[in-house]
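Asker: So that we are looking at the same thing, I have put the structure below in structure tokens.
Readers should treat all values here as calculations from the given coordinates under stated rules, not as data from a laboratory. Quick caveat: nothing in here was measured; it's all calculated off a predicted structure. Glycine also receives a Cβ, built like all others from the backbone with ideal geometry; neighbour counts cover every protein chain displayed.
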């Protein structure tokens, strides 16, 4: 079909523009609002270069979990290693969501970004680029019997692209094509197989990989759309020139050609079934269980502490405390979790200079959110405690604080135990949202393995079962606890 | 010991107490009687400030306890109350119910509180129930524990708010016996009750409340044989029928 050197991916799933632009706006607005940015606070130690990448793009950067261990490898990683070595730096890799790359560069959380990034005029407004180190082409991916191999054949057909991607712009120029967008390329492939989409415009590396997995698919190069990947830097970075020199050297001495051979010839056709192929990665996926559980427990722990404080405010005689607690609850119940999470993760470094980790950002978000929900439940639980309990404590001279802590709250918590168990289960399921900021929880690991193996359903089915079993066990555990508590009453 | 001057209490527009003046001497046992809605419970609850009086003065040992400056917690720890519905803490054992306030409010050590608690449990004849939870007790047993809990604070006065009204008839006696022996020990007590026989036998004085005013303040002998006001006559008629 296509020469390997020429056939390489080109843009990527880039909802990027939209999400990144939104995030940037919010972040910039907030940092502007607080009147300060803390760029200098995020300076790196001079001997280390931090590279931002979204390691879900085989073979450029991906998690190799086939040994049960987790290691980020790929073409881009090798190029970066080589450049860092040439310039006398240690390379540190920071894995993140692709949408987070531009904000990360802008906040200098990372020194450069390599993640199969196509330089566009739009992106050049906010970040700098090196020369192109990898040339890619767009292709038409379709079913073998469809006959959709040239641009003209797409007239009147449904053509899918990734939302916000460079291909979306390309597809718009195809005469007569009806456009459909999805968030991920893997989603598009499923739609193609299901017959809801006639053809998909993707870069050649993706096309080749999917044709390997799905023998019923074919691809052909879409003429006149050559592009490539470049390394991204924060605006004004002094690394651009040294990197360009290093790239030129690697082009001349054949290093890039070698890497090409290494990463693009080795994609053997699969002979095993999907589940067999992800079998070696299952320990890696299930390694997300402790992460997910720890995340849920820690979030709920802090959430409950916060809920107690808020509930106390809500039943307080002091009006401003009640207003505050009610306003707080209203805000956190009114804003979708994923919005709060994204804001906290991307805005915190800009506002405070503290590079909050995905896990911390997740716990913070979920504790703040769950505090709002539990406080409402807890307030009801407190009100449900017999008024005589408070009077008995009062008439023994017990101070308010002790009365709450020793008499009322223990009974209130018992009242709300079923609701609390529910909250825990919800939190466990909602925790899958942290995968969007790159925390290595169950879902994130499934996505990583999916990107590595080009398999869509199998990793998801495994995590679905894992979540389900965890929740069944939890439900069982809480019902036992409830029965025991009822007996002691 | 306790002096009440022109005590008024309203809940919103509802006037419950309209100017009560009386006093209770040390060691006196006062029974507060009256038809329902006459303000008996509200009056009692004002005495340890579970309700804040709307106006008027309450003095305990010449200290005006409804003064905002006065430590309300101290007052309550000293004038404790026993409730109609016991209000035991369900998540604590019998002994924990009793030792909790002495330890947390008066700062007694665990051992001190425990020895007081066991002592009191013996007095109310429930020593063997020290480690069970209140849900395992009968109503009469619960009320005796509640009395022990109140006494563990070593108060100077105990208020009883209809202590036997929520009990099955066969359990009334065991509670009244405990109260009677407490009266005999010289404790100052104010009791809102519907137990006429008990009031007559144990109380030194009867306060008869009607429509938020003190209609009679007299001896049991006088009250039960020769009530002065018509309302008291009707009341006794109904109660002793």
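Asker: Segment A:97-112 to segment A:126-195: how many Å between their Cα centroids?
Answerer: Computed from Cα coordinates, the inter-centre distance equals 26 Å.
Asker: Sort A:120-128, B:52-60 by packing, meaning the average of other beta carbons within 10 Å per residue, with the highest value first.
Answerer: Descending mean neighbour count gives B:52-60, A:120-128.
Asker: Treat each spin label as a single point 7 Å out from the Cα along the C-beta direction, and report the residue A:255 to residue B:93 distance in nm.
Answerer: 7.5
Asker: Oh, and also: How big is the antiparallel share of DSSP beta bridges in chain B, given as a percent to the nearest 5?
Answerer: 55
Asker: Would you tell me the mean number of C-beta atoms belonging to other protein chains that fall within 10 Å of each C-beta in A:382-395, as a whole number?
Answerer: Average per residue, whole number: 5.
Asker: Something else about it: Is the C-alpha gyration tensor of segment A:352-489 telling us rounded, prolate or oblate? Criteria: a/c under 1.5 is rounded; beyond that, a/b larger than b/c is prolate, otherwise oblate.
Answerer: Oblate, because a/c is 1.5 or more while a/b does not exceed b/c.
Asker: Just subtract the alpha-carbon distance of residue B:218 and residue B:22 from 0.36 nm times their residue separation and send over the number in nm, one decimal.
Answerer: Result for the pair: 69.5 nm of gain on full extension.
Asker: Another question, then. So what is the calculated 222 nm ellipticity per residue for chain B, using -39500 (n - 2.57) for each DSSP H run with n of 4 or more, over all residues, to the nearest 500 deg cm²/dmol?
Answerer: My calculation for chain B gives -11500 deg cm²/dmol from helical runs alone.
Asker: A follow-up question, please. Any idea how far the Cα center of segment A:66-83 sits from the one of segment B:1-74, in Å?
Answerer: 81
Asker: Between residue B:112 and residue B:230, with labels modelled 7 Å along Cα→Cβ, what's the label distance in nm to one decimal, could you check?
Answerer: 5.7
Asker: OK, next. Give the percent of DSSP beta bridges with both residues in chain A that are antiparallel, rounded to the nearest 5.
Answerer: The answer is about 60 percent antiparallel.
Asker: Mind running the shape call on chain A? Use the C-alpha gyration tensor, a ≥ b ≥ c as the square roots of the eigenvalues: rounded below 1.5 for a/c, prolate if a/b tops b/c, oblate otherwise.
Answerer: Values: a/c = 2.35, a/b = 1.81, b/c = 1.30.
Judged from the Cα gyration tensor, chain A comes out prolate (a/c at least 1.5, a/b above b/c).
Asker: Here is a further query. Determine, from the Cβ-Cβ distance of residue A:183 and residue A:315 and an R0 of 45 Å, the FRET efficiency 1/(1 + (r/R0)^6), rounded to the nearest 0.05.
Answerer: That pair, residue A:183 with residue A:315, gives E of 0.55.
Asker: Tell me, A:406, B:67 in order of fewest to most beta-carbon neighbours within 10 Å?
Answerer: B:67, A:406
Asker: If you don't mind, another one. FRET efficiency for residue B:1 and residue A:419, Cβ-Cβ distance as r, R0 = 45 Å, nearest 0.05? Intermediate values should be presented prior to the final figure.
Answerer: Working: r = 49 Å, r/R0 = 1.08.
Approximately 0.40, to the nearest 0.05.
Asker: Take each of the peptides B:19-30, A:441-452, A:475-486, average the number of other beta-carbon atoms within 10 Å over its residues, and list them starting from the highest.
Answerer: The most tightly packed comes first, giving A:441-452, B:19-30, A:475-486.
Asker: Sticking with this structure for a sec: When the helix-only estimate is applied to chain A (DSSP H runs of n ≥ 4, each -39,500 (n - 2.57), divided by the residue count), what is the mean residue ellipticity at 222 nm, nearest 500 deg cm²/dmol?
Answerer: Counting only the DSSP helices, I get -17000 deg cm²/dmol.
Asker: Based only on other Cβ atoms within 10 Å, what is the fewest-to-most ordering of A:134, A:354?
Answerer: Ordered by Cβ neighbours within 10 Å, fewest first: A:354, A:134.
Asker: Right, another one. Along Cα→Cβ, 7 Å out, is where each label goes; now give me the distance between the ones at residue B:71 and residue B:135 in nm to one decimal.
Answerer: Here the modelled spin labels are 3.7 nm apart.
Asker: Pop the C-beta distance of residue A:472 and residue A:380 into the FRET formula with R0 = 35 Å and round what comes out to the nearest 0.05.
Answerer: My answer for the efficiency is 0.80.
Asker: Roughly how many Å is it from the Cα centre of segment B:163-241 to that of segment A:243-257, as a whole number?
Answerer: So the two Cα centres are separated by 105 Å.
Asker: Another question, then. Can you order the peptides A:455-465, A:323-333 by their average number of other Cβ atoms within 10 Å per residue, highest first?
Answerer: Order by mean packing, descending: A:455-465, A:323-333.
Asker: Ignore the peptide's own chain and count Cβ atoms of other chains within 10 Å of each Cβ in B:225-234; give me the average, rounded.
Answerer: So the per-residue partner count for this stretch is 0.
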